[in-house]
Amino acid sequence: MNTLGNFINGAQTPSNSGRFSPVYNPATGQQTLQVSLSSADETREAIAIADKAFAQWSKVTPVRRARILFRFKTLLEQHFDELAEAISLEHGKVLSDAKGELTRGLEVVEFACGIPHLLKGEYSLNVGTHVDSYSLMQPLGVCAGISPFNFPVMVPMWMFPIALACGNTFVMKPSEKDPSVIMKVAELLTAAGLPDGVFNIVNGDKQAVDVLLTDDRVQAVSFVGSTPIAEYIYTTGSMHGKRVQALGGAKNHMLVMPDADTDQVVSALMGAAYGSAGERCMAISVAVCVGDEAADQLISQIKQEISTMLVGPGTGLKQEPHMGPLISKVHAEKVKHYIDSGVKDGADLLVDGRDFKVAGHEQGYFVGPTLFDNVKPGMRIYNEEIFGPVLSVVRVNSFQEAVDLINAHEFGNGTSIFTANGESARQFSEQIQVGMVGINIPIPVPMAFHSFGGWKRSIFGPLNMHGNDGVRFFTRMKTVTARWPKNDITNHSFSMPTMK
Ligand code: NAD
């Protein structure tokens, strides 16, 4: 059995922890390798190496840092197909979806190549007589990233390209469920000319994470994952004096107005609810329909579309399936239990994915596309994030009822409205308490030069991922006020300095 270790000082390095976690091909249920779960000491060693590398890397000029990232971008493009296939095999998402993930990650690298432009700071001439004031945006030091299983490459790439472009060094802790592809990406960083020790990967679990959250040498922690862990990361990291951005879970609603084009809505919902088997933090898991007529029409078309869906392994079939398996057996069981609870709580189960089997892949972690009608707040399938191919329809009578419903939910990551009416769209984007809003767009993931982040319990910390927020997160501002006096300053002043 192959064992995946760490990536330290520019090369793959075995771990001696003696603890492992199995990694599977979710389409077959076969174990493909085991990943080492690093010890606290190994994590401290990785931090020490990143700390040492910071002294040099922070002095490399921003343009030289950007050039290395530019070569990294070219290498990613050259290895695009093999990386996408590796993501698909280990995560389970279909190949075209894996390519989409890689493309969105690459876009952050492209953004990071232009970061020198955003490190210029501010300058004010003559804030006083012969006094100028300017700000420096300086790197923090060692930064850490902790990422979830559902985007094994894109989410780490939300973090480290920006951190590195700003002059920081990095220790990444990927998900233990699909850790291989980011190790290949790390090798491309070395091939691009990144000095050893600037980017390191520590594979592991809570033991490694807790060191990253408490070690004094780590200055900032960037986290993406479920809400309970995001909250833990935020409170523990902040308590230890670190800057923390921690993005959590989601329950994204799509508001369907009676004037929306039903064909467009159905097409958007199918991809947003069932794409990647619902394992996206921006998946739509609730369709809120205004009026019974719109709901009945929508449901009848969705049922028809589900009956034609192809579900299977992410790669290897002549015709690509629409969705693949879930990440693990445990997760597939959890999703099925949610479906049980929906039935128990009184929702109408219209399409049941619990006994779904894929011929030739009977041991794979598949759950079929599932559809509930008449879902209500208070039911577990409404309140909680399922993270599977389960779409709930909630019926309401008015636009305002829909807005109030969405605003009352504990999560506020993404949402969308489908309507032909500009005023409804405008009202929605103004009133809704959610961080990312789509208007006739089902999955409104901001581009790399904007920032990604939700509201409410979908995020802890003030700064979002990438875009300007990303640069602010990975730099610290210093403001210099300077006087070059012509004459000696001789009068002492004991009062607060002000402009005369
Ligand atoms: P998770 O919270 O279980 O794990 C995320 C990371 O935290 C992993 O690296 C894991 O090893 C680590 N971890 C897990 N338990 C820990 C503990 N007790 N102490 C310290 N570290 C721990 O999340 P997941 O199941 O890998 O990913 C799915 C979740 O991520 C979903 O809730 C999804 O909504 C969320 N997500 C959110 C966004 C976003 O942008 N808001 C994006 C992607 C995924």
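What follows is calculated from the coordinates using simple rules that are stated; it is not laboratory data. If you're wondering where the values come from, they're calculated on a predicted model, not measured in any experiment. Quick reminder, even Gly has a Cβ in these numbers, built from the backbone with ideal geometry, and neighbours come from all protein chains shown.
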Return the distance in nm (one decimal) between the two label points of a simple spin-label model at residue 317 and residue 455, each offset 7 Å from Cα along Cα→Cβ.
3.9
Cα gyration tensor shape of region 252-439, rounded if a/c is under 1.5, else prolate or oblate by comparing a/b with b/c:
prolate
Could you list the residues of region 288-323 with an amide nitrogen less than 20 Å from a label point located 7 Å from the Cα of residue 398 in the Cα-to-C-beta direction?
288-295
In the chain, if the dipole is taken from +1 on Lys/Arg beta carbons and -1 on Asp/Glu beta carbons about the Cα centre, which of 70, 233, 366 is farthest to the positive end?
70
So, R0 is 35 Å and r is the distance between the beta-carbons of residue 340 and residue 292; what FRET efficiency does that work out to, to 0.05?
0.85
Place a point 7 Å from Cα of residue 483 in the direction of its Cβ. Which residues in region 133-169 have their backbone N less than 16 Å from it?
133-134
Taking Cα atoms only, helix 227-239 is inclined relative to the longest principal axis of the chain by an angle, in degrees rounded to 10, of 10
At a threshold of 8 angstrom on Cα-Cα distance, excluding pairs fewer than six apart, so keeping six or more, what relative contact order does the chain reach in percent?
18
Nearest 10 degrees, 0 to 90: helix 180-191 Cα axis against the chain principal axis
30
Full-stretch length increase - residue 11, residue 216 - with 0.36 nm per residue and alpha-carbon distance subtracted
71.3 nm
Would you list, by chain and number, the aspartates and glutamates whose Cα falls below 14 Å from the Cα of residue 184, excluding same-chain residues fewer than 8 positions away?
77, 81, 82, 85, 90
Length gained if residue 196 through residue 496 is fully extended, taking 0.36 nm per residue and subtracting the Cα-Cα distance, is 103.2 nm
What lysines could a cross-link reach from residue 329, if we take a straight Cα to Cα line under 16 Å and drop same-chain neighbours fewer than 8 places away?
93, 177, 357
On a 0 to 90° scale, report how tilted helix 329-344 is relative to the longest principal axis of the chain, with both axes built from alpha carbons and the result rounded to the nearest 10.
60
Antiparallel versus total DSSP beta bridges in the chain: what percent is that, nearest 5?
40
Which value in deg cm²/dmol, rounded to the nearest 500, describes the helix-derived mean residue ellipticity at 222 nm for the chain, given -39,500 (n - 2.57) per DSSP H run of n ≥ 4 and division by the residue count?
-12000 deg cm²/dmol
List the residues, sorted by chain then number, that are 5 or more residues from residue 244 or on another chain and whose placed amide H is less than 5 Å from its amide H.
221
Using 0.36 nm per residue, how much length does the chain from residue 81 to residue 304 gain when fully extended, once their Cα-Cα distance is taken away?
77.0 nm
